[in-house]
Amino acid sequence: EPQSPLAQYHFGLAFAGIGDAWQASERYRKALALRPDLSEAAFELARLLKGTERAGEAFEACMQAADRLFENRGFRDAVALYAQAFSIKPPSPAQAYKQGMAFLEIEDLTEAQRAFEFVRENGQESERANAINALAVVAMREGRNEDADALLASAIAAQAVFPQAYNNRGNLRARQGRSEEAIEAYEFATRQFPGYKEAWFNMALELERSNRIEPALAAFDQVVRLDGKHAPAHFARARS
């Protein structure tokens, strides 16, 4: 089965077991060529090549696998591979931001905050704004609403067209029971980015909670126009 990534990976383990590092690395590379998100192969390749002149190759393999896993919602494996990659070479702000988002997905808020703080200190202007917005999400999840409010204000001040920050402001206002302000923030997010289905959905839910059924239905309609397979929107629309 020459096209089996797992067979190639286990062949690599066997070569590593008899001390043939070159053959082991070639088998791990073959496994990753067949399946770029095979986290075990990327991890072993990095462990094998770390500290050698081929360390850059291991870094790229880990990053490629981690990014693919992130896209497929394999966040825990992605986190491990980002950590392995960054033990070889320090991350760029963009790479650290992706790691922070993976930590956020698995609710490791301490590590997420550390990654976003790195981006805020080292990134370009737009990267810093994104990091501040993400730090606001961390603050909200930790129940630090005042800190979240200040961070969102800072993010919006840094980047005027920022629908994600307005959507997060809507989430914060909804949590604070300030329904009209929440709806206003969601509306602003959808004006800045009419294809932002998450903001449309959040606005529809808040309108429904406020018993404003007709505008809620219109917002749910917009969500399902943007994404016909959005099951929560279909369900909430039927309920409304």
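The values are calculated or read from the model by the stated rules, or taken from the named source; none is laboratory data. In this text the structure is predicted, and so the values were computed from the model without any measurement. With ideal geometry, Cβ positions are generated from the backbone for all residues, glycine too; neighbour counts draw on all protein chains shown. Calculation scope for accessible area: heavy atoms of the full protein, side chains included, ligands and nucleic acids excluded. Shrake-Rupley method; radii C 1.70, N 1.55, O 1.52, S 1.80 Å.
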Inset, instruction - Would you confirm whether any residue within region 163-176 is modelled with pLDDT under 95, under 21 Å from the mean Cα position of the chain (by Cα), surrounded by fewer than 22 Cβ atoms within 10 Å (Cβ to Cβ) and not basic (Lys, Arg)? - result: no
Inset, instruction - Find all pairs meeting these conditions: Cβ atoms under 8 angstrom apart; at least six residues apart or on different chains; first residue within region 11-29 and closer than 20 Å to Glu60 by Cβ and basic (Lys, Arg); second residue assigned to a helix (DSSP H, G or I) and open to solvent by 60 Å² or more (accessible area, probe 1.4 Å). - result: Arg27/Phe11
Legend entry - Complete set of residues in region 99-110 that are open to solvent by less than 60 Å² (accessible area, probe 1.4 Å) and either more than 20 Å from Ala55 (Cβ to Cβ) or touching a strand residue (DSSP E or B) at 6+ places or on another chain (Cβ under 7 Å) (or both): Gly100, Met101, Ala102, Phe103, Leu104, Ile106, Asp108, Leu109
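Give me the residue from region 50-73 that is among the polar types (S, T, N, Q) and outside any helix (DSSP H, G or I) and, out of that set, farthest from Ala85 (Cα to Cα).
The residue in question is Asn72.
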Inset, instruction - Would you mind telling me which numbered condition in (1) over 22 Å from Glu198 (Cα atoms); (2) β-branched (Val, Ile, Thr); (3) modelled with pLDDT of 95 or more Ile132 fails? - result: (1)
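How many of the residues making up region 33-44 are not in a helix (DSSP H, G or I) and not charged (D, E, K, R)?
Residues flagged as not in a helix (DSSP H, G or I) and not charged (D, E, K, R) within region 33-44 amount to 2.
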Inset, instruction - From Ala42, Ala65, Ala78, grab the single residue that is closer than 29 Å to Thr110 by Cβ, small (Gly, Ala, Ser) and in contact with a Ser or Thr (Cβ under 7 Å, 6 or more places away or on another chain). - result: Ala65
Legend entry - Filtered residues of region 226-240 (kept if surrounded by 13 or more Cβ atoms within 10 Å (Cβ to Cβ) and part of a helix (DSSP H, G or I)): Leu226, Ala233, His234, Ala236, Arg237
Legend entry - Hits in region 42-64 (condition: open to solvent by 50 Å² or more (accessible area, probe 1.4 Å), under 22 Å from Gly100 (Cα atoms) and out of contact with any Pro (no Cβ under 6 Å at 6 or more places or on another chain)): Phe43, Glu60
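A quick yes/no check of all residues on (1) open to solvent by 50 Å² or more (accessible area, probe 1.4 Å); (2) farther than 25 Å from Gly100 by Cβ; (3) more than 25 Å from the chain's Cα centre (by Cα):
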residue	(1), (2), (3)
Gln3	yes, yes, yes
Asp20	yes, yes, yes
Glu40	yes, no, no
Ala66	no, no, no
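Evaluate the following for Arg27: is it closer than 26 Å to Asn167 by Cβ, in a helix (DSSP H, G or I) and open to solvent by 50 Å² or more (accessible area, probe 1.4 Å)?
no
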Inset, instruction - Could you pull out the residue among Arg47, Arg76 that is closer than 25 Å to Ala14 by Cβ, in a helix (DSSP H, G or I) and at pLDDT below 95? - result: Arg47
Inset, instruction - For Ala83, indicate whether it is in a helix (DSSP H, G or I), under 25 Å from the mean Cα position of the chain (by Cα) and surrounded by fewer than 20 Cβ atoms within 10 Å (Cβ to Cβ). - result: yes
Inset, instruction - Of all residues in region 183-213, count the ones that are open to solvent by less than 70 Å² (accessible area, probe 1.4 Å) and either charged (D, E, K, R) or out of contact with any helix residue (DSSP H, G or I) (no Cβ under 7 Å at 6 or more places or on another chain) (or both). - result: 3
